[in-house]
1. State all residues of the range 58-78 that are more than 20 Å from residue 154 (Cα to Cα) and either surrounded by 14 or more Cβ atoms within 10 Å (Cβ to Cβ) or in contact with a helix residue (DSSP H, G or I) (Cβ under 8 Å, 6 or more places away or on another chain) (or both); if no residue qualifies, say none.
2. Among what's in the range 139-159 and is over 12 Å from the mean Cα position of the chain (by Cα) and either modelled with pLDDT of 95 or more or in a loop (DSSP other than H, G, I, E, B) (or both), pick the residue that is farthest from residue 94 (Cα to Cα).
3. Pick from the range 160-197 the residues that are more than 16 Å from the chain's Cα centre (by Cα) and in a loop (DSSP other than H, G, I, E, B): which of them is farthest from residue 4 (Cα to Cα)?
4. Return the residue satisfying two criteria in turn: it lies in the range 20-57 and is touching a residue at least 60 places away in the same chain (Cβ under 8 Å) and under 17 Å from residue 191 (Cβ atoms), and of such residues it is surrounded by the fewest Cβ atoms within 10 Å (Cβ to Cβ).
5. Within the range 8-117, considering only strands (runs of 3 or more DSSP E) that don't extend past its boundaries, which have at least 3 residues that are under 22 Å from residue 195 (Cβ atoms)?
6. With the checklist (1) free of Cβ contacts under 8 Å to residues at least 12 places away in the same chain; (2) under 20 Å from residue 156 (Cα atoms) in hand, flag the one item residue 8 doesn't pass.
C-alpha cells in the first residue's frame, strides 16, 4: 500500500492520520505539489494528492480514501456502526470540506480581500462549533472518528493561515490540543507540517 501525499496538504494529512491510527504498514510518497510526478499522473487523472495505491486499486479523494481504509482495516473503527450516525458523519465530513477546507485551498490564489473573507468564515464556523466540545471530546461524541481526521489538520494550520480564534473558542482550541497529543497525529506530520507551529 502506498499513499501519494502532499507535504503540506490538509487532505493528505487527514489520510496519514487514518493510516497511523490504523497502524498499517504503508509507504508514504511525498509529492512536490508544484511539480507532481509522472507516476502520480499515471495513477490519478487529476494528478493530485492524496492518492492511494493498494495492490491494483487506485483511489483519490480524501473522504473516499479514508472510508476505504476504515472498511479495509476495521480496527480501530473510525465510523459509527449504525447507518443513521454513519450518514451524519459523512455529512459532517462533506460540510468540513466544502465550507472550510476547499475554500481555504482555493483562496490561496485569490486576492487579499477574498482570502480574508474565507478566513473569517472559517473562524466564525469554528467559534460556532466550539460549545460542542464543552460536552464531548471529539466531533461525533466520545469516540475519535474520520470527522476528526478532517478537522485536526485544519486546526494545526490555523496560525499559518492567519486565523486567530477568540477566547470564546477556547473549547475548540482545547479539542485541537487533544488531537495534537495523539500518537497517530504526531506520526502523521510531514517535516513541512512540523514547522507550521
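1. Across the range 58-78, the qualifying residues are 58, 59, 68, 69, 70, 73, 75, 76, 77.
2. 159
3. Looking at residues that are more than 16 Å from the chain's Cα centre (by Cα) and in a loop (DSSP other than H, G, I, E, B), I get 166.
4. In this case the residue turns out to be 30.
5. Ranges flagged: 27-31.
6. (1)
The values are calculated or read from the model by the stated rules, or taken from the named source; none is laboratory data. From a predicted model like this one, the values you see are computed outputs, not experimental measurements. FYI the Cβ positions are ideal-geometry reconstructions off the backbone, even for glycines, and counts take in every protein chain you see.
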